[in-house]
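Asks: Following this message is one structure expressed as structure tokens.
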Amino acid sequence: MAIFAEKVTKTYQSGEVTVKALREASLTVPDKKIVTILGPSGSGKSTLLNVIGGIDRYDEGQIVVDGRTLDGLKDKQLTEYRRKNIGFIFQQYNLIPTLTVEENVEVGRELSSNPLPMEDTLKKVGMLDKKAKFPFQLSGGEQQRVAIARALIKNPNILLCDEPTGALDEDTGKNILKLLKYVNETYGTTVLIITHNQGIGEMAHQVIRMSSGEIVETFENETLVDPEQVTWS
Amino acid sequence: MILKKSMIRTLKEKKFQYAGVSLLLLLAVTLYVSLSMAVTTLEERNARFTEDYKQETFHFVPSEPVDSSKLQEWEEEFDVTLEARSYYDADVDDSVLRVFSQTEEINLPYLSEGSNPTDGSEIAVSSVFAEKNDLHIGDEVEISGERMEVTGFVYLPDYIYMIEQLTDLISDAEKFGIAIASESVMDQWSSRSQTEITGWTSDGEVPDGFMEAVRAETTILQFVEAGDNPRIQFVDTEIEGAKSMNNTLPLFILALAAAMVLLLMRRRIEMQRKEIGTLLALGYRRNELLRHYLGYAWVIGLSGTVLGLAAGAGLSVPLSNLYANYFNLPALSMFDFNPMVLVIGLIIPLVLMLSLTAWGIHRALKVEPLTLLRPKEVTVGRKSWLERLPLLNKGSFIQRFRLRLLVRNKARSLYIFLGVMFSTVLLLFGFITFNSMDQLVETTYEDIMTYDYAVYYQSLQTEEPADGSDPFTVGEVNVKGQDAKLTGYGIETGTPYIHLLSDEEKLNSELKEGAVLSTPAAAVLGVGAGEDITLTNSLNDEEMTVQVAGVADVYIGSQIYLPREVFNEFLGYPGDAYSAVWQAEKPERGADVYQIEDKQKVIDSFEATSGATRSSVIGMAVFAVVISVIVLTLLTNLIVEENSPSISLFKVMGYHNSEVSKLVLSVYTPVVMLSYLISIPLAGLTLGQLMNSLVEQTGFILPTDVSLWMAATGFVVIMLTYALSIALSKRKLKQVSLQEALKKQQD
Ligand SMILES: Nc1ncnc2c1ncn2[C@@H]1O[C@H](COP(=O)(O)OP(=O)(O)O)[C@@H](O)[C@H]1O
Ligand SMILES: [Mg+2]
């Protein structure tokens, strides 16, 4: 699913301070591609992802997903939009501690009208043999796999990942990246990955660089590096 | 929804908290349903007995027999049913058995077992009397020297509350019972029996002019309308009182339960902010989440109410039986329930739980998912104005920590405060009632009424009374502009038998200045010393305005005391007339004696029922303790949960469990103590108000002073309760893991 953003502006007001989190950010994400958004902390990466994902609103500009604008959507309509199209993956995994692996994935499955098969999904993320475990019994990497499975099983058109490897070591992180690439290839899911890990850009079709709320650079990679081979920093 | 599983696991994990609230709800519903159902049964039985067995509208005692042709004449003139009924007070062992002639039109006996007595040696007795004296059908019993066979067990509709004299307060089945016998038996006793005329009208009112017509024929010694007859009226009073009480206590508990649910749900939402945010981001709809969280309310609400309904229905049966011991109502119906009771007992608590929860969650769900996903530190970090006080920034770290805890959780402190207050008031209600019974007897019957017997005559006496007996005049008086009826006593101011005490001070000499009222009379009229009241009476058109000279510590009955000459003049009696005497010696039952009141019997019946009072007081105290343990444990548990990061940190630093518990939990000790201290006068005050508002129905007022021993005992009980709830929460504190602190910092 293609995403277009045009001159998107977002301002936060907290007390006396006004922060321009996004300044006329424009981008085009082609369908079925992996895009990484790079940039230092506070540069507006998360804000961009959140407005695309419909959990935050922008003040000005325009975002069009799959030919439909997010402009002026009501709360309910935004929820339906997320429900149908978006899979979120967070840095902190955000699993439900009182549910098992399988049940956590089920939480995602219930939202979809055409979910992927459960066993299959668990197998894809390599968590089938641990499906009865609770989150506190899992390592960080394993928890992130479950979070991916939860997003994946909905069979969403877009997967939005906010620093998915931020809390993981190199090996585990690369495994997660492999998984994301696999998802993109197998299901044709558009994948947006936020990271401040420069190397991850090497595996994406397109790289967007942000600074102080502006998109300062956009480029396409001629050749894609295998996730296993990216430079980890 | 798969989230249901999450709810079930949370409920299991925090079963202590949720079960606690559910238990509170259960208590409220059980109490409400059982009491309401028991009262409904009582009401139904009373209504059917009154109607179907033609309970009298009034009865009167003429000084001379009235012949039946005269009765017939009145019946036609006033459209009233009249029937003469004779009775004889027989001595059976230590007790009095009042044997009535069988009636056919009014006050029809209900035979619960056996058959009606037919010949001269048969009798049917009241079932309570039979039970107390271990009598069975076919047994022989000696009555006034004659052996008679018990043929059956009866109930009379004008002896529902079975007291020997209308002035008696407490019914004692050991000392007094009723029976019916055939005409031939009554004929044998005719020389010693009394006759009263009972009357019945379809509208339940005494016909206009009827009393005057009777008075033209004969002197009326006593005229009692059903509404003024405690044997009939008391059950109505009890029903009314119980109805209002039934709602109050359960409502309070329900309110507590509701507050707790709100507390728990808000806590749950706080804990699951991030979870809610995640679910919203994933695309869950707000009303789906609302439904999910309402599940908690459904579980708590349904388990509490359904179990409460079942327990309440079950408990209503023994409660009905308990009522049956007090009131002699035949079991004309069983297990009556007003469907409204079930509906109210189920619907109100459930709706309350659901709507409160919905309200609590709604606020959290309105928040943007992004805000929910962000750590809450931003909002928690805000200092309250209290914390900025310089006082709170002094002292050691520990002291500051404890003070912060108190100040930050103002809501917790408030809940603890209210919980303790509720329990204290309930506990002290119990203590006061317990104590008052003794005080009531002591003050009224020992310090104030120093006579042993009162002898009431059939007609006015004028000759000098015998040595050792002191004359007085009794009569009913009305107060102008008020609905109340008082019993007037014209007494010798120097009488040795009545010491009108008010706080140890004797008011007898004040009678020269005006009238002295009993405490209930003053409460009913709403007057105090120094105010004027205008009296009227039903014998003549006299009006008399007197000043209230004082209110005596007579806690039972609505009496007004006046000097005898004054009272006689008001009633139109000769100055030296009297209608009764007090004396210390046991009187003979002379021909002109209408009634003898034995003070010891009245006291005995108080003592006899003190067992029942005692158990109800114990029940109340247990109730208070159970509720406060639940509430306090719930709260301390929550406090531990909320502070688990700090607790964990303390543990990491090397504090022992007991030290940590002291640090965190005992912070609330001053709150508990403060609440207790404030509750003591509050309990006295509210009970006093309650007594005053009920005095018109009950006719007595219990002294409501909180004495030192009550305050001390209550303090010990409340502190023990608090200690228990802390001990229960210590387990929880031990479970807080050391990693908790580190985990929280990661988020
Ligand atoms: N809710 C908010 N209120 C105020 N400022 C915010 C809020 N969310 C983000 N910001 C600010 O907006 C800017 C961009 O934040 P963010 O998009 O989270 O950056 P990044 O993800 O690149 O680190 C930052 O300066 C941040 O402090
Ligand atoms: Mg970010």
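Asks: Answer with yes or no whether A:K10 is within 14 Å of chain B (Cβ to nearest Cβ), charged (D, E, K, R) and farther than 26 Å from A:I176 by Cβ.
Replies: Judged against the criteria, A:K10 is a match.
Asks: Collect the residues in segment B:533-562 that are in contact with a helix residue (DSSP H, G or I) (Cβ under 6 Å, 6 or more places away or on another chain), assigned to a loop (DSSP other than H, G, I, E, B) and surrounded by 15 or more Cβ atoms within 10 Å (Cβ to Cβ), keeping them in residue-number order.
Replies: B:L539, B:D553, B:V554, B:Y555, B:S558
Asks: Please list, ordered by residue number, the helices (runs of 4 or more DSSP H) wholly in segment A:16-119 having 2 or more residues that are under 19 Å from the mean Cα position of the chain (by Cα) and more than 16 Å from ligand 2 (Cβ to nearest atom).
Replies: A:75-85, A:101-109
Asks: Here is a further query. Working only within segment A:151-199, note down all residues that are out of contact with any strand residue (DSSP E or B) (no Cβ under 8 Å at 6 or more places or on another chain), under 20 Å from A:E119 (Cα atoms) and either within 15 Å of ligand 1 (Cβ to nearest atom) or of a type in the set (K, R) (or both).
Replies: A:K178
Asks: Which of the residues spanning segment B:248-276 are touching a Lys or Arg at 6+ places or on another chain (Cβ under 9 Å) and among the hydrophobic types (A, V, I, L, M, F, W, C)?
Replies: Of everything in segment B:248-276, those that are touching a Lys or Arg at 6+ places or on another chain (Cβ under 9 Å) and among the hydrophobic types (A, V, I, L, M, F, W, C) turn out to be B:L263, B:L264, B:I269.
Asks: I'm told B:V527 meets every condition in (1) over 29 Å from B:E446 (Cβ atoms); (2) assigned to a loop (DSSP other than H, G, I, E, B) except one. Can you identify the failing condition by its number?
Replies: Here B:V527 meets the rest and fails (1).
Asks: I'm checking my understanding of the structure. Among residues of segment A:4-24 that are touching a helix residue (DSSP H, G or I) at 6+ places or on another chain (Cβ under 6 Å) and more than 7 Å from ligand 1 (Cβ to nearest atom), which one is nearest to A:V225 (Cα to Cα)? Spell out how you get there, then give the answer.
Replies: Residues of segment A:4-24 that are touching a helix residue (DSSP H, G or I) at 6+ places or on another chain (Cβ under 6 Å), as a first pass: A:10, A:21-22.
Cutting the leftovers down to more than 7 Å from ligand 1 (Cβ to nearest atom) gives us A:10, A:22.
Values: A:K10: 33, A:L22: 30 Å.
Per the stated criteria, the residue is A:L22.
Asks: Hey, can you tell me all the residues within segment B:219-237 that are surrounded by 15 or more Cβ atoms within 10 Å (Cβ to Cβ) and β-branched (V, I, T)?
Replies: Matches in segment B:219-237: B:I220, B:V224, B:I232, B:V235, B:T237.
Asks: In addition: Filter segment A:50-73 down to the residues that are within 11 Å of chain B (Cβ to nearest Cβ) and more than 8 Å from ligand 1 (Cβ to nearest atom), then identify the one that is surrounded by the fewest Cβ atoms within 10 Å (Cβ to Cβ).
Replies: Kept after step one, since they are within 11 Å of chain B (Cβ to nearest Cβ), are these residues of segment A:50-73: A:50-51, A:53-57.
If we keep only those that are more than 8 Å from ligand 1 (Cβ to nearest atom) too, we end up with A:51, A:53-57.
Details: A:V51: 24, A:G53: 26, A:G54: 25, A:I55: 25, A:D56: 21, A:R57: 17.
Applying the filter and picking the extreme gives A:R57.
Asks: Scan segment B:173-186 and tell me whether some residue there is touching a helix residue (DSSP H, G or I) at 6+ places or on another chain (Cβ under 9 Å), within 30 Å of B:Y32 (Cα to Cα) and either touching a residue at least 40 places away in the same chain (Cβ under 8 Å) or part of a strand (DSSP E or B) (or both).
Replies: Yes, there is a match, as at least one residue in segment B:173-186 is touching a helix residue (DSSP H, G or I) at 6+ places or on another chain (Cβ under 9 Å), within 30 Å of B:Y32 (Cα to Cα) and either touching a residue at least 40 places away in the same chain (Cβ under 8 Å) or part of a strand (DSSP E or B) (or both).
Asks: Collect the residues in segment B:49-69 that are crowded, with 16+ Cβ neighbours inside 10 Å and either free of Cβ contacts under 8 Å to residues at least 12 places away in the same chain or of a type outside the set (S, T, Y) (or both), keeping them in residue-number order.
Replies: Scanning segment B:49-69 gives B:F49, B:K54, B:Q55, B:E56, B:F58, B:H59, B:F60, B:V61, B:P62, B:V66.
Asks: Contact list please: Cβ distance under 7 Å, first residue in segment B:277-303 and farther than 20 Å from A:L78 by Cα, second residue part of a helix (DSSP H, G or I) and of a type in the set (G, A, S), pairs at least six apart or on different chains.
Replies: B:L294/B:A358; B:I300/B:S22; B:S303/B:S22
Asks: Then there is this: What is the one condition in (1) closer than 23 Å to B:Q583 by Cα; (2) buried (at least 21 other Cβ atoms within 10 Å of the Cβ) that B:T519 does not satisfy?
Replies: Going through (1) closer than 23 Å to B:Q583 by Cα; (2) buried (at least 21 other Cβ atoms within 10 Å of the Cβ) one by one, B:T519 breaks only (1).
Asks: Of all residues in segment A:74-111, how many are over 19 Å from A:I193 (Cα atoms) and either facing chain B (nearest Cβ under 7 Å) or among the basic types (K, R) (or both)?
Replies: Count: 15.
Asks: If you don't mind, another one. Please find, among B:A242, B:A226, the residue that is away from every other protein chain (no Cβ under 14 Å) and in contact with a strand residue (DSSP E or B) (Cβ under 7 Å, 6 or more places away or on another chain).
Replies: When all the criteria are applied, what remains is B:A226.
Asks: Quick test for you: out of B:A28, B:A19, pick the one residue that is surrounded by fewer than 24 Cβ atoms within 10 Å (Cβ to Cβ), in a helix (DSSP H, G or I) and not β-branched (V, I, T).
Replies: B:A19 is the lone residue from the list that is surrounded by fewer than 24 Cβ atoms within 10 Å (Cβ to Cβ), in a helix (DSSP H, G or I) and not β-branched (V, I, T).
Asks: If you don't mind, there's one more thing I want to ask. Restricting to segment B:139-180, count the residues that are within 15 Å of B:V92 (Cβ to Cβ) and not aliphatic (A, V, I, L, M).
Replies: 14
Asks: Still on this structure: Which of the residues that make up segment A:203-224 are more than 30 Å from A:V19 (Cα to Cα) and under 17 Å from the mean Cα position of the chain (by Cα)?
Replies: A:M203, A:H205, listed by residue number.
Asks: Can you find even one residue in segment A:76-84 that is in contact with a helix residue (DSSP H, G or I) (Cβ under 7 Å, 6 or more places away or on another chain) and more than 12 Å from ligand 1 (Cβ to nearest atom)?
Replies: Yes, segment A:76-84 has at least one match.
Asks: Right, here's the next one. Between a residue in segment B:1-18 that is more than 10 Å from chain A (Cβ to nearest Cβ) and any residue that is among the β-branched types (V, I, T), which pairs come within a Cβ distance under 6 Å, given they are 6 or more apart or on different chains?
Replies: B:Y18/B:I300
Asks: Looking at (1) part of a strand (DSSP E or B); (2) within 14 Å of chain A (Cβ to nearest Cβ), which one does B:V61 not meet, given that it meets all the others?
Replies: So B:V61 meets the others, but not (2).
Asks: Any residue in segment B:273-280 that is away from chain A (no Cβ under 13 Å) and charged (D, E, K, R)?
Replies: No: segment B:273-280 contains no residue that is away from chain A (no Cβ under 13 Å) and charged (D, E, K, R).
Asks: Something else: Check every one of the strands (runs of 3 or more DSSP E) wholly within segment B:103-159 and list those with 1 or more residues that are more than 30 Å from B:T201 (Cβ to Cβ) and free of Cβ contacts under 8 Å to residues at least 40 places away in the same chain.
Replies: Qualifying strands (runs of 3 or more DSSP E): B:110-114, B:140-143, B:146-155.
Asks: Those residues that are of a type in the set (A, V, I, L, M) and touching a residue at least 40 places away in the same chain (Cβ under 8 Å), I need them from segment A:16-43; list them, please.
Replies: A:A21, A:L22, A:A25, A:L27, A:V29, A:I34, A:V35, A:I37, A:L38
Asks: Sticking with this one: Could you check segment B:486-511 and list, in sequence order, the residues that are touching a helix residue (DSSP H, G or I) at 6+ places or on another chain (Cβ under 7 Å) and charged (D, E, K, R)?
Replies: Within segment B:486-511, just B:E492 meets the criteria.
Bear in mind these aren't lab numbers, they're just calculated from the coordinates by the rules spelled out. Predicted, not measured: the structure shown is a model, and the values here were computed from it. Counting neighbours? That spans all protein chains shown, and the Cβs are built from the backbone with ideal geometry, glycine included.
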